[in-house]
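Trainee: Below is a structure I'd like to ask you about.
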Amino acid sequence: MSARDRILARLRAAEPGAPVAVPDVAGYYARRSRLTATELLSQLCARLRASRADVKVAAPDAWASVAAEALQQRGVRRLALGSCARAVTLAAALPDTIETVRFDGAIEGWKRALFETVDAGFTPASAGIAATGALLLNHGGALPRTLSLVPPVSLVCVDVHDLYDDLHHAASVQRWADDMPTNRVLVSSPSRTADIQQTLAYGAHGPRELIVVVIADGETA
């Protein structure tokens, strides 16, 4: 009998192990206390700022102008965006010095412009995770992943009503299992990396700056 046969024989002769109980994940999270709306906003902003994101809180009727001002301060001349309602609102608030580049077709038609001439990309977030200071971006045909990955400056907006304590809370409430996008991405900071000497560099593998506008009526953080 070969070594292989002996190993297989021992595996077949082994007694089946006791069934492992499935952990009650939902019950575990249900027992945890929830943060208030004010605490969610405060914690998310603090976590993002600690990771070098420029976070601004603005009212629903002012967020677009706040975002436009942040782009203007950075000298942005060309902004890439999709065709969602938030993108339309932002485009209407931009000064004449910022040109919009809409990426709503095949990538072959706008790839070169994206890599060579676009200064910033805009992406609306579908959720904010307070525990980790992360923003959830649902990318698909109408919202290409490259919008938040390629431009040097990434602009993201999130509604205060879409903030959650943790990832499980967001996944449960928004029913992620029922609607899976092409890419579901969590963003918590600008792109950063470090070499063997532990020298931290930003923008090596993605945006070097992250601007976050939280749309919150009457809230500050």
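The values are calculated or read from the model by the stated rules, or taken from the named source; none is laboratory data. None of the values given here were measured: they were computed from a predicted structure. Here Cβ is always computed from backbone atoms with ideal geometry, including for glycine, and neighbour counts include all displayed protein chains.
Trainee: For the range 120-157, what are the residues that are part of a helix (DSSP H, G or I) and in contact with a helix residue (DSSP H, G or I) (Cβ under 7 Å, 6 or more places away or on another chain)?
Mentor: T146 - this is the single residue of the range 120-157 that is part of a helix (DSSP H, G or I) and in contact with a helix residue (DSSP H, G or I) (Cβ under 7 Å, 6 or more places away or on another chain).
Trainee: Can I ask one more? What pairs can you find where one residue is in the range 117-140 and on the phi > 0 side of the Ramachandran plot and surrounded by fewer than 24 Cβ atoms within 10 Å (Cβ to Cβ), the other is outside any strand (DSSP E or B) and of a type outside the set (G, A, S), and their Cβ atoms are less than 7 Å apart, with a gap of 6+ or different chains?
Mentor: G133/L44; G133/R47; G133/L48
Trainee: Looking only at residues that are of a type in the set (V, I, T) and closer than 30 Å to E39 by Cβ in the range 175-220, which one is farthest from the chain's Cα centre (by Cα)?
Mentor: By that ranking, first place goes to T220.
Trainee: Which numbered condition trips up K56, out of (1) part of a helix (DSSP H, G or I); (2) closer than 16 Å to S154 by Cα?
Mentor: For K56, the exception is condition (1).
Trainee: Filtering the range 128-151 down to residues that are of a type in the set (V, I, T) and closer than 22 Å to L163 by Cβ, which residue is nearest to the chain's Cα centre (by Cα)?
Mentor: I129
Trainee: Which residues, counting only those in the range 71-86, are within 17 Å of L210 (Cα to Cα) and buried (at least 20 other Cβ atoms within 10 Å of the Cβ)?
Mentor: Once the filter is applied, which keeps residues that are within 17 Å of L210 (Cα to Cα) and buried (at least 20 other Cβ atoms within 10 Å of the Cβ), the range 71-86 yields L71, V76, L79, A80, L81.
Trainee: Of the residues in the range 101-129, how many are of a type in the set (S, T, N, Q) and in contact with a Lys or Arg (Cβ under 8 Å, 6 or more places away or on another chain)?
Mentor: Adding up the residues that qualify gives 1.
Trainee: Hey, does the range 199-212 have a residue that's over 30 Å from A26 (Cβ atoms), among the small types (G, A, S) and surrounded by 19 or more Cβ atoms within 10 Å (Cβ to Cβ)?
Mentor: Within the range 199-212 (the criterion being over 30 Å from A26 (Cβ atoms), among the small types (G, A, S) and surrounded by 19 or more Cβ atoms within 10 Å (Cβ to Cβ)), the answer is yes, since at least one residue qualifies.
Yes or no, residue by residue, for (1) in a helix (DSSP H, G or I); (2) closer than 30 Å to D165 by Cα; (3) out of contact with any strand residue (DSSP E or B) (no Cβ under 8 Å at 6 or more places or on another chain):
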{"site": "R12", "(1), (2), (3)": "yes, no, yes"}
{"site": "R32", "(1), (2), (3)": "no, yes, yes"}
{"site": "P60", "(1), (2), (3)": "no, yes, no"}
{"site": "F115", "(1), (2), (3)": "yes, no, yes"}
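Trainee: Another question about this same structure. Please go through the range 78-110 and pick out each residue that is assigned to a loop (DSSP other than H, G, I, E, B), modelled with pLDDT of 95 or more and under 13 Å from G121 (Cβ atoms).
Mentor: I98
Trainee: Does F103 satisfy the condition of being of a type outside the set (V, I, T), farther than 29 Å from D217 by Cβ, in contact with a Ser or Thr (Cβ under 9 Å, 6 or more places away or on another chain) and buried (at least 22 other Cβ atoms within 10 Å of the Cβ)?
Mentor: yes
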